[in-house]
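S.K.: First the structure, which I've put down as structure tokens, then a few questions once you've had a look.
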Amino acid sequence: SAAGQKGVAFRVQNEVPRRTLLTDRLSVQKIFLNLLSNAVKYTPRGGHVTFALRRDSVDSADPDTVFTVSDDGIGISKAFLDHIYEPFSQENQTGRQAAGTGLGLSIVKELVDTMGGTIHAESEQGKGTTFTVRLHFALAPEQQHSTQTAAGSRAGTAALAGKHVLLCEDNALNTEIACALLREKDMQVTCAADGRAGVELF
């Protein structure tokens, strides 16, 4: 939706067959919501953002999953590329003011490392940026992804649809992630930057 509002074309290229995996779902969502949000943020109207998934070593019985988030936006200078995962680091480019806290990529790197994966960035100013994330997922045992479990999960979240939530959060990335998860359940979300603003909105 953010890409659509900005006039950026968003494409998904999925070469991975449908599987049920054991993983930290919230961490995976945080990683890619952050990378995709940045890609849209730093890509001008008329640009493109692509999210691609493929399996590495397809012939292997237990392959890694490789994700790429690429854009044709403003790019990152070679001098700054070595510092993108440092907390609070932001590149100020001519004619563009840095936005956000500078914590997003630091959080992404920490999550990827914690999950035993790798992340690699390639970029060229004025031509765009590509992030490649490699993660390994264990397949879930058959009994853990029955249709009965899936149906029960859907029934549990259906009661949340249409509910109005006031979210008080002073971290922009956390706000973005929480809003995306709540709206995924068809909830209406109003955001406040802190508790005082939340009380006033309430």
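S.K.: Examine segment 75-93 for a residue that is open to solvent by 40 Å² or more (accessible area, probe 1.4 Å), modelled with pLDDT of 95 or more and closer than 23 Å to ILE177 by Cα, and state whether such a residue exists.
M.R.: No; the residues of segment 75-93 include none that is open to solvent by 40 Å² or more (accessible area, probe 1.4 Å), modelled with pLDDT of 95 or more and closer than 23 Å to ILE177 by Cα.
S.K.: Also, quick follow-up: Confirm whether VAL66 is in a strand (DSSP E or B), touching a residue at least 60 places away in the same chain (Cβ under 8 Å), within 17 Å of ARG134 (Cβ to Cβ) and within 16 Å of the chain's Cα centre (by Cα).
M.R.: In short, yes.
S.K.: May I ask you to say which residue of ALA9, ALA3, ALA39 is more than 21 Å from ALA178 (Cα to Cα), surrounded by 12 or more Cβ atoms within 10 Å (Cβ to Cβ) and touching a strand residue (DSSP E or B) at 6+ places or on another chain (Cβ under 6 Å)?
M.R.: None of the others qualify; the one that does is ALA9.
S.K.: I would also like to ask the following. So which helices (runs of 4 or more DSSP H) stay within segment 131-202 end to end and still have 1 or more residues that are at pLDDT 85 or above?
M.R.: Passing ranges, in order: 172-184, 195-201.
S.K.: Hey, another quick one. Within segment 1-9, is there a residue that is over 28 Å from PRO141 (Cβ atoms), assigned to a helix (DSSP H, G or I) and of a type in the set (A, V, I, L, M)?
M.R.: yes
S.K.: Test ARG45 against the stated conditions and say whether it is surrounded by 10 or more Cβ atoms within 10 Å (Cβ to Cβ) and either of a type in the set (D, E, K, R) or touching a strand residue (DSSP E or B) at 6+ places or on another chain (Cβ under 6 Å) (or both).
M.R.: In short, no.
The values are calculated or read from the model by the stated rules, or taken from the named source; none is laboratory data. The structure displayed is predicted, hence computed values, not measured ones. Please note: Cβ atoms are built from the backbone with ideal geometry, for glycine as well, and neighbour counts cover all protein chains shown. Protein only, heavy atoms only, side chains kept; ligands, DNA and RNA dropped before computing areas. Shrake-Rupley method; radii C 1.70, N 1.55, O 1.52, S 1.80 Å.
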